[in-house]
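Peer 1: The following block contains the structure, expressed as structure tokens.
The values are calculated or read from the model by the stated rules, or taken from the named source; none is laboratory data. Quick caveat, the model's predicted, so the values are computed rather than measured. Because the Cβ atoms are built from the backbone with ideal geometry, glycine has one as well, and the counts that use them run over all protein chains shown. Only protein heavy atoms, including side chains, enter the accessible area calculation; ligands, DNA and RNA are left aside. Shrake-Rupley method; radii C 1.70, N 1.55, O 1.52, S 1.80 Å.
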Amino acid sequence: MRTGKGSGEGSAELLIEGVAKRFGEVAALDHVSLSVAQGELLTILGPSGSGKTTLLKVVAGFETPDAGRVLVGGADITALLPARRDIGMVFQNYALFPHLSVKANVAFPLEMRNIARAEIDRRVGEALAMVELAGYEARLPKQLSGGQQQRVALARAIVFNPRLLLLDEPFGALDRKLRETMQLEVRRLQRRLGLTTIFITHDQEEALVLSDRIAVMNKGTIQQIATTTEIYERPANDFVADFVGESNILHGTVSAPGLVALPDGRKLMVDSEAAPGAKVGLLMRPERFSGGGLNEFSGEIVEAVYLGTSFKLRIACEGGPELLVRQPARGTLPAAGTKITVGIDPEAIHVF
Ligand SMILES: Nc1ncnc2c1ncn2[C@@H]1O[C@H](COP(=O)(O)OP(=O)(O)OP(=O)(O)O)[C@@H](O)[C@H]1O
Ligand SMILES: [Mg+2]
């Protein structure tokens with residue numbers, strides 16, 4: 001049994017190898033492989049039903065995979081009982097014991113491990129201090145706010161120095177402001193303890209704020225695993241480009257080196273080595289447009305929205321695509337019907 005001496009000494013690398021899980025006709029996990037380095041926070045981002053929770057359950061031992069292995073710190077734990085895996089978890093719906101005090105809730109995993117009373121008291125105190133709930137020991141869960149309850153759940157998940165921390169949409173029920181505060185708190189705590197962590201969300205902003213790397217999931221498969229900037233700026237396919245951030249996605253054919261022909265006949269200059277004849281996707285983020293550039297689009301504003309620091313414009317281009325463009329908010333919001341020309345340079349277009 002490890003004791004709570006240093007930080008992150010229990011934390012370990014996680015390897016998921018070819019994990020598959022079917023529920024009848026549904027392939028909830030279709031041979032998923034990924035690794036999380038020791039001390040890393042990996043976010044799994046994906047739409048509802050993409051297999052996120054199933055993957056966490058396989059790691060925690062609540063689902064048995066049809067194929068594949070799970071290794072923690074090099075040891076195969078695929079057949080180990082959940083209680084023997086030393087994994088801390090926080091679920092979306094708090095799942096605190098309602099009849100137990102805050103202190104008893106957090107002490108629970110330590111009691112299960114037959115740790116001495118004095119040591120339990122010390123570690124519960126430490127964990128509650130970490131989530132800034134010192135002084136709340138005697139309260140019952142129903143006497144706490146939603147954010148406080150999630151902090152208790154977090155304290156309970158880390159109090160036994162878990163080898164991994166798994167968080168399944170832990171802030172789903174919280175309002176936006178509290179969510180943002182909790183995101184930063186989790187990040188700080190995770191870094192400080194050096195905890196290997198998987199964080200599930202279907203909120204892409206949350207994923208961008210929190211992660212070292214993001215794994216984007218769809219229909220039981222991992223679409224791309226990369227750093228946050230990589231995912232945003234160089235998505236691997238349409239699904240990732242569309243799911244993460246606002247995007248303009250066009251498809252075309254490379255007509256000459258550095259030139260892509262769109263279906264409407266328009267040609268765009270791009271910064272890409274793709275060979276002539278290749279079918280490619282083009283991603284243009286709304287904020288990468290300006291008043292002019294090597295590729296120009298003229299059209300009419302069909303919708304304009306004021307967003308505080310920027311204007312969000314939907315532009316119907318003459319004979320061509322509809323574009324979403326963001327411009328710094330200066331002057332008055334242009335009216336619908338206004339003619340406009342915007343441009344984008346080749347290096348601002350991601351070719352995939
Ligand atoms: N116990 C089960 N029995 C049958 N089907 C299941 C079971 N658990 C999950 N599924 C199915 O497997 C697929 C993946 O479910 P999962 O809960 O992993 O999705 P998710 O990505 O966590 O979605 P959400 O964002 O809505 O929580 C879904 O189609 C779901 O209906
Ligand atoms: Mg889920």
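Peer 1: Just checking, does region 260-279 include any residue being within 16 Å of A348 (Cβ to Cβ), in contact with a Lys or Arg (Cβ under 9 Å, 6 or more places away or on another chain) and among the hydrophobic types (A, V, I, L, M, F, W, C)? Talk me through it step by step, then tell me what you get.
Peer 2: The initial filter retains those residues of region 260-279 that are within 16 Å of A348 (Cβ to Cβ), namely 260, 268-272.
Retained after the next criterion (residues that are in contact with a Lys or Arg (Cβ under 9 Å, 6 or more places away or on another chain)): 260.
With the extra rule that they be among the hydrophobic types (A, V, I, L, M, F, W, C), the set shrinks to 260.
Yes, because at least one residue in region 260-279 is within 16 Å of A348 (Cβ to Cβ), in contact with a Lys or Arg (Cβ under 9 Å, 6 or more places away or on another chain) and among the hydrophobic types (A, V, I, L, M, F, W, C).
Peer 1: I need a count of the residues in region 66-93 that are within 16 Å of ligand 1 (Cβ to nearest atom) and open to solvent by less than 20 Å² (accessible area, probe 1.4 Å).
Peer 2: So the answer is 2.
Peer 1: Sort through L110, L96, L56 and tell me the only one that's in contact (Cβ under 8 Å) with a residue 40 or more places away in the chain, surrounded by 15 or more Cβ atoms within 10 Å (Cβ to Cβ) and not in a helix (DSSP H, G or I). If you could, list the steps in order and put the result at the bottom.
Peer 2: On the way: L110 fails: not in a helix (DSSP H, G or I); L56 fails: not in a helix (DSSP H, G or I).
Only one candidate passes the filter, namely L96.
Peer 1: A further question on this structure: Assigned by TED's automatic domain parsing to the domain that holds L96 and at pLDDT 95 or above: does that describe A129?
Peer 2: Numbers: assigned by TED's automatic domain parsing to the domain that holds L96: yes; at pLDDT 95 or above: no.
No: the conditions fail for A129.
Peer 1: Tally the residues that are surrounded by fewer than 18 Cβ atoms within 10 Å (Cβ to Cβ) and not charged (D, E, K, R), restricting the search to region 240-279.
Peer 2: 18
Peer 1: Do we have any residue at all in region 6-20 that's under 16 Å from R163 (Cβ atoms), modelled with pLDDT under 95 and of a type in the set (A, V, I, L, M)? First the steps, then the outcome.
Peer 2: The initial filter retains those residues of region 6-20 that are under 16 Å from R163 (Cβ atoms), namely 6-16.
Retained after the next criterion (residues that are modelled with pLDDT under 95): 6-12.
Cutting the leftovers down to of a type in the set (A, V, I, L, M) gives us 12.
The answer is yes, given that some residue of region 6-20 is under 16 Å from R163 (Cβ atoms), modelled with pLDDT under 95 and of a type in the set (A, V, I, L, M).
Peer 1: Another one. Does L41 satisfy the condition of being farther than 19 Å from L195 by Cα, surrounded by 17 or more Cβ atoms within 10 Å (Cβ to Cβ) and more than 8 Å from ligand 1 (Cβ to nearest atom)?
Peer 2: Values: farther than 19 Å from L195 by Cα: no; surrounded by 17 or more Cβ atoms within 10 Å (Cβ to Cβ): yes; more than 8 Å from ligand 1 (Cβ to nearest atom): yes.
Judged against the criteria, L41 is not a match.
Peer 1: I'm trying to understand the selection: among the residues of region 317-340, which are loosely packed, with under 15 Cβ neighbours inside 10 Å and of a type in the set (G, A, S)?
Peer 2: Correct list: G319, A329, G331, A335, A336, G337.
Peer 1: Could I ask something else about it? So if I check each of F352, F289, F311, which one is within 18 Å of I249 (Cβ to Cβ) and buried (at least 19 other Cβ atoms within 10 Å of the Cβ)?
Peer 2: Details: F352 fails: buried (at least 19 other Cβ atoms within 10 Å of the Cβ); F311 fails: within 18 Å of I249 (Cβ to Cβ).
Answer to the check: F289.
Peer 1: I've got another one for you. Suppose we filter L154, L71 for residues that are at pLDDT below 95 and within 25 Å of L15 (Cα to Cα); which single one remains? Please lay out each step first, then the result.
Peer 2: Numbers: L71 fails: at pLDDT below 95.
On inspection, the qualifying residue turns out to be L154.
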